[in-house]
1. Any chance segment 164-179 includes a residue that's touching a residue at least 12 places away in the same chain (Cβ under 8 Å), of a type in the set (A, V, I, L, M) and in a loop (DSSP other than H, G, I, E, B)?
2. Test each condition in (1) loosely packed, with under 15 Cβ neighbours inside 10 Å; (2) in a loop (DSSP other than H, G, I, E, B) for Ala118 and report the one that comes out false.
3. Looking only at helices (runs of 4 or more DSSP H) that fall completely inside segment 206-308, which ones have 3 or more residues that are within 24 Å of the chain's Cα centre (by Cα) and surrounded by 14 or more Cβ atoms within 10 Å (Cβ to Cβ)?
4. Starting from segment 114-139, keep only residues that are over 19 Å from Leu35 (Cβ atoms), then list their pairs with residues that are charged (D, E, K, R) and away from ligand 1 (no atom under 12 Å from the Cβ) whose Cβ atoms are within a distance under 7 Å, requiring at least 6 positions of separation or different chains.
5. Got a sec? Which of Trp241, Trp251, Trp229 is within 11 Å of ligand 1 (Cβ to nearest atom) and among the aromatic types (Phe, Trp, Tyr)?
6. Filter segment 91-121 down to the residues that are among the aliphatic types (A, V, I, L, M), within 16 Å of ligand 2 (Cβ to nearest atom) and more than 18 Å from Phe155 (Cα to Cα) and list them by number.
7. When you scan segment 147-165, do you find a residue that is within 16 Å of ligand 2 (Cβ to nearest atom) and within 21 Å of Asn267 (Cβ to Cβ), even just one?
Amino acid sequence: KYLSSMPNYEAKTEIIVNNINFKADNFTNVTPKILSHLNINLHTKKYHPLSLVRQRLVNYFYKTYVTNRGNPIFSVYDNLSPLVTIEQNFNSLLIPENHPSRAKSDCYYINKNYLLRAHTTAHQSELIRAGLNAFLIIGDVYRRDEIDKTHYPVFHQVDGVYIKNRSSVFPNDDCLQLFEKGNNITSTGTEQKQACHTLEAVKLMEYDLKSALENLAKELFGHGIEYRWVETYFPFTQPSWELEIFHSNQWMELLGCGIMKQNILENAGAGDNIGWAFGIGLERLAMCLYNIPDIRLFWSSDTGFLNQFITDNISAKINYKAISHYPQCTNDISFWLPRNDYSSNDFYDLVRSIGGDIIEQVSLVDEFCHPKSGRISHCYRIVYRHMEKTLTQDEVNKIHKDIEKAAIDQLNVTIR
Ligand code: FA5
Ligand code: MG
């Protein structure tokens, strides 16, 4: 039933994504609903909670890792297209042909050659090949998943990569090496390390990686944050870990990370280096930081949600307050101010005293000075919302009229 109600792209021969024509085939499974999330870029939208968290994370890396001249070592890529190849999302990361993460049931495929990236890790290999040593990749990722309080098919990730050569891993020692002699980079190794790496190099990198991420968690959540490391597996790192934090009485996975598979570096032309990498979910961070209870809220255009995050101090403590489930109703009011003795706060008080609890927000949206008369007019936007029911436009209009009348009587304004 569910499947038959989905638009049938397989019947189409062509599909257009970001103005590019693709040939549809039996892999094609993106839907118009999913494609409508492209180019929205919540992570760079001013004042969006995901953007606040992104800035805090980027600032942390900028200030933690600096060159001897004080410049940031990490560069940031936050506008790479989510439209990627199979090569980028899987092959370049050594994800095996038969790995479950490649399944049609898990990814949004454009066709057999292209998909919407399932992780921002899709770009790590190409950026290393381009010559970068330390970078962050930030963007929207797409996965076929259920929709509930913590899962949404589109979410945002930050990937980080730091690759180092022998002298930056061992700055004070000319003898210690990154690589074991005579060990092929494809040898399996152990859970502790890849066969090609020396134990001392891996241990130093592990320490560097874990302290970077622990300190990030402390920076965001405070020094009292409880955390733990869990060993895990990724096809592109070995060894691999997950960082969990204790939040709202449960352990929550924040990120995955590990020592990069040497084969990836070799294929990207950086085989002389050893690297660490991680991937974090931005929604996870924001939900914990701001107590946002439902992942769908990030997509809300409701100003009752968005306005709670308007701040020019990205480290401001914000504790999200639930908004009503009933829809907003917005009405504007414009009037000429009296010649003297007017303040916007008088109007705000008046609106609240007449509208009561169904007033959710009042904001000055426009100010205009008449070029000849010099008179000033204000336009205010009033957002109405009842906590227990859906307001009808008629009900709102009546209250809006009462507010107009009171403003004329009590504040001496002239309605435009
Ligand atoms: C990855 O995506 C790896 N690419 C991460 C990585 C990068 C590991 C580099 C090693 C080196 P995973 O699927 O576990 O791994 O997702 C990483 C993070 O994204 C999770 O820890 C979580 O914070 C977030 N995440 C994953 N799935 C969801 C989801 N459905 N909704 C919200 N956040 C999610
Ligand atoms: Mg995971």
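1. Of segment 164-179, the ones touching a residue at least 12 places away in the same chain (Cβ under 8 Å) are 164-166, 169-170, 176-179.
So of that shortlist, the ones also of a type in the set (A, V, I, L, M) come out as 169, 176, 178.
Narrowing the set further to residues that are in a loop (DSSP other than H, G, I, E, B) leaves 176, 178.
Yes: one or more hits.
2. All conditions are met except number (1).
3. On the way: elements: 262-267, 282-290, 303-306.
Answer list for segment 206-308: 282-290, 303-306.
4. Ile138/Arg54; Ile138/Asp78
5. Numbers: Trp251 fails: within 11 Å of ligand 1 (Cβ to nearest atom); Trp229 fails: within 11 Å of ligand 1 (Cβ to nearest atom).
The conditions single out Trp241.
6. Filtering segment 91-121 down to residues among the aliphatic types (A, V, I, L, M) leaves 93-95, 103, 110, 115-116, 118.
If we keep only those that are within 16 Å of ligand 2 (Cβ to nearest atom) as well, we get 93, 95, 118.
Passing the criteria: Leu93, Ile95.
7. yes
Okay, residues lined up against (1) in a loop (DSSP other than H, G, I, E, B); (2) touching a Lys or Arg at 6+ places or on another chain (Cβ under 6 Å):
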{"position": "Thr311", "(1), (2)": "yes, no"}
{"position": "Asp332", "(1), (2)": "no, yes"}
{"position": "Pro338", "(1), (2)": "yes, no"}
{"position": "Tyr342", "(1), (2)": "yes, no"}
{"position": "Arg352", "(1), (2)": "no, no"}
{"position": "Ser363", "(1), (2)": "no, yes"}
{"position": "Tyr380", "(1), (2)": "no, no"}
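The values are calculated or read from the model by the stated rules, or taken from the named source; none is laboratory data. Here the structure is a predicted model, which means the values were calculated and not measured. Using ideal geometry, Cβ is built from the backbone for each residue, glycine included, and neighbour counts are taken over all protein chains shown.
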